[in-house]
Amino acid sequence: MKSQTMSTKTIQEKLKTLSNQNMDPRTTIVAYGLMNAGKSFLLNMLTQHIEEEFFKTNDIRETADVKKFETEKIIYLDTPGLDANEADDAQAEFGASQADIVLFLHQPQGELEASEVKFLKKLTQSFGKYAESNIILVLSKIEKEEPSKINLIEDRIKAQCAYELGFTPKVFQVSNKRYQTGILKQKDGLIAQSHINALIEHLNVVVSNTGKVRAQRSLTEAEVLLRVLELKEQSLGARRQSIQEGIRQAFAIFNEQITTLSEFVDESTSKYRSI
Ligand SMILES: Nc1nc2c(ncn2[C@@H]2O[C@H](COP(=O)(O)OP(=O)(O)OP(=O)(O)O)[C@@H](O)[C@H]2O)c(=O)[nH]1
Ligand SMILES: [Mg+2]
């Protein structure tokens, strides 16, 4: 949003968000993606709900509200699939303001769709210079496709992000199914091929930067708001000056007319007296 055109209501909302931020020292990790992308399943694996689901999964649209699982250090948020309907998108965006780290899930059937790019652009704006480190792309269900196809899709998505978002995100190719089976049947090969542990390791590194990233994001947001307020003050000052100038000019004409009138009255009076 252009700072000059930010409405007073938006400024108030942003100030409110800013003052509500950073209250919980724990990192919030939010999963986003189109319906059926595998968000809930992935969060179950990351939170070690291997046999019993915490986040309900389904082939048809399942998650309708933002759902939360809390640990000592991390809060995991599951969101409704993007583009399910407007109310669900609003729910999803609500989560965005609370996200420290985003896991953006995509089924590798093709590259990113327009609605995914649109949502990622919003997230990128919100994260600013931390988008690259804190928005992580996850290609899900990889055991369903040939590795060569998935690699090709990953390359295309990276190029799309570089062009559309201005950065190349870190991408993880994961299989929730492999991880689940690997854990249940104690098959290390499957666990390794699921790449879930690699994702967990990476998340641990990003999580450790949460405090710094949050502080910087709040600072940047506060600086933007301050600049907006300065610009508004400048434009109000200019408006006040132009109104004052208008009044001065209007009064100058009025004063001139009064002077002419009083001269006329003086002249008429002296003429009358001399008769
Ligand atoms: N083969 C395979 N199926 C998966 C994998 N991850 C998820 N699924 C399946 O994909 C379907 C959707 O998974 P969910 O985790 O419910 O997807 P979601 O993104 O949470 O869906 P919504 O909440 O409806 O937006 C379910 O049938 C899952 O079992 C995976 O890694 N491999
Ligand atoms: Mg779900």
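By the equivalent-ellipsoid construction on the alpha carbon gyration tensor, the chain comes out with semi-axes of 63, 18, 16 Å, ordered largest to smallest. Which net charge results when you count Lys and Arg as +1 and Asp and Glu as -1 among the other residues whose beta-carbon is under 11 Å from that of V213? Charge balance near V213 sits at +3. Protection proxy ranking of 174-180, 224-230, by the mean of other Cβ atoms within 10 Å over each peptide's residues and highest first, is 174-180, 224-230. Measuring against 27 Å, Cα to Cα, the residue pairs K39/K122; K73/K212; K67/K141; K56/K149; K68/K122 contain K56/K149 as the ones spanning a longer distance. Only Cα pairs within less than 10 Å get springs; with that Gaussian network setup on the chain, which residue of Q173, Q244, Q234 has the largest fluctuation? Of Q173, Q244, Q234, the Gaussian network model singles out Q244 as fluctuating most. Protection proxy ranking of 153-160, 199-206, by the mean of other Cβ atoms within 10 Å over each peptide's residues and highest first, is 153-160, 199-206. Against the chain, whose longest principal axis comes from its Cα atoms, helix 114-127 is set at around 70 degrees. Peptide packing for 31-44, 210-223, 65-78 was compared via the average number of neighbouring C-beta atoms within 10 Å per residue; ordered from the highest value, the list is 31-44, 65-78, 210-223.
Residue ranking by accessible heavy-atom surface, 1.4 Å probe, largest first, among D59, D266 comes out as D59, D266. Maximal additional length on extending the V207-Q125 stretch stands at 27.5 nm, based on 0.36 nm per residue less the C-alpha distance. The calculated 222 nm mean residue ellipticity attributable to helices in the chain amounts to -19500 deg cm²/dmol, summing -39500 (n - 2.57) over DSSP H runs of n ≥ 4 and dividing by all residues. Angle of helix 196-207 to the longest C-alpha principal axis of the chain, folded into 0 to 90 degrees and rounded to 10: 30°.
Based on protein heavy atoms only, the range 23-217 ends up with 50 Å² per residue of surface accessible to a 1.4 Å probe. For the chain, the longest principal axis of the alpha carbon atoms and the long axis of helix 210-274 meet at an angle near 10°.
The values are calculated or read from the model by the stated rules, or taken from the named source; none is laboratory data. From a predicted model like this one, the values you see are computed outputs, not experimental measurements. Ideal geometry is used to build each Cβ from the backbone, glycine not excepted, and the neighbour counts take in all protein chains shown. Heavy atoms of the whole protein, side chains included, go into the accessibility calculation; ligands, DNA and RNA do not. Shrake-Rupley method; radii C 1.70, N 1.55, O 1.52, S 1.80 Å.
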